[in-house]
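Taking it in order: structure first as structure tokens, then the write-up.
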Amino acid sequence: MSLESDMEVLSEVPLFRELSRDQLRLLAFGAEHRSLRAGEILFRAEARADAGFVVASGEVHLVEGEGEGRRISMTVGRGTLLGEMALMADTRRPSSAVTATDCDFIRISRPLFRRMLQEYPDIAVVMHQRIRDDFLAMASRILALEDIFDYDDEDDTPGEPRGEE
């Protein structure tokens, strides 16, 4: 992939959407590429996460569980950033990522991302707001579950959905 095509893919990522052309160029120039065939593992659940991966082409299954309990929780494609939190903090992968098709990825290391934040502090402000908004939206969705399920006060487990008694 060329620098220009990498910049185009990176600009599709919601976290990077507000970056200028120069900022996207720096990010694309410092990133690495990885190509995998269908059925290969990009990363496993619980593995240390030191980078984010942007899907440049293809589709990826996010897989939870092992063996009989294994299930695909989501399938993502071009422009998806896998491991957003890994760009900012030492963390572990919440699920495994397995390629559904042949895929190309742009790997963004934590040191590269931190360099971006140091060279362009205004990016940190924009990203902080975006992450804050995403977190508040997620919290709102979680709180909405209280309206759907009748929680057992004894052990905080969901009971029967409300309205189906």
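The values are calculated or read from the model by the stated rules, or taken from the named source; none is laboratory data. As the structure is a prediction and not an experimental result, all values here were calculated from the model. Virtual Cβ from ideal backbone geometry, glycine too; neighbours counted across all protein chains shown. Please note that ligands, DNA and RNA were not included when accessible areas were found on the heavy atoms of the full protein model with its side chains. Shrake-Rupley method; radii C 1.70, N 1.55, O 1.52, S 1.80 Å.
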Neighbours of residue 77 by Cβ distance under 13 Å: Lys/Arg at +1, Asp/Glu at -1, summed charge -3
Highest GNM mean-square fluctuation, the chain, Cα pairs closer than 10 Å: which of 74, 116, 85? 74
Percent of accessible area on the chain owned by carbon and sulfur, 1.4 Å probe? 50 percent
Hey, in the GNM for the chain with a 10 angstrom Cα cutoff, which one of 95, 35, 73 fluctuates hardest? 73
Efficiency by 1/(1 + (r/R0)^6): what FRET value for residue 59 and residue 92, r their Cβ-Cβ distance, R0 = 35 Å, to the nearest 0.05? 0.90
So with the 1.4 Å probe, I'd like the accessible area per residue for the chain, rounded to whole Å². 62 Å²
So the compactness index of region 54-138, its C-alpha Rg divided by 2.2 N^0.38 Å, takes the value 1.25
Principal-axis tilt of helix 21-30 within the chain, Cα atoms, nearest 10 degrees: 90 degrees
For the chain, longest principal axis from Cα atoms; helix 110-119 axis from its Cα atoms; angle between them, nearest 10 degrees, is 70 degrees
Have a look at 123, 108, 41 and tell me which one the Gaussian network model of the chain (Cα, springs below 10 Å) gives the largest fluctuation. 41
Residues residue 85 and residue 144, FRET efficiency given R0 of 30 Å [Cβ-Cβ distance, rounded to 0.05]: 0.85
Show log10 I(q)/I(0) for the chain at q = 0.13, 0.20 Å⁻¹, two decimals, from a solvent-free Debye sum over equal Cα scatterers. -0.73, -1.31
Dipole magnitude of region 84-154, debye to nearest 20 (Cβ charges: Lys/Arg +1, Asp/Glu -1, about Cα centre): 740 debye
Using only Cα atoms, tell me the angle between helix 121-148 and the longest principal axis of the chain; keep it within 0 to 90° and round to the nearest 10. 20 degrees
Just want the answer: with Cβ charges of +1 for Lys and Arg and -1 for Asp and Glu, which residue in 24, 49, 10 is farthest toward the dipole's positive end in region 1-66? 24
Evaluated at 25 °C with a viscosity of 0.890 mPa s, what Stokes-Einstein diffusion coefficient in µm²/s does region 1-61 have when Rh comes from the Kirkwood expression over alpha-carbon pairs? 189 µm²/s
Taking the Cα centre of the chain as origin, work out the dipole magnitude from +1 charges on Lys and Arg Cβ and -1 charges on Asp and Glu Cβ, in debye rounded to 20. 1280 debye
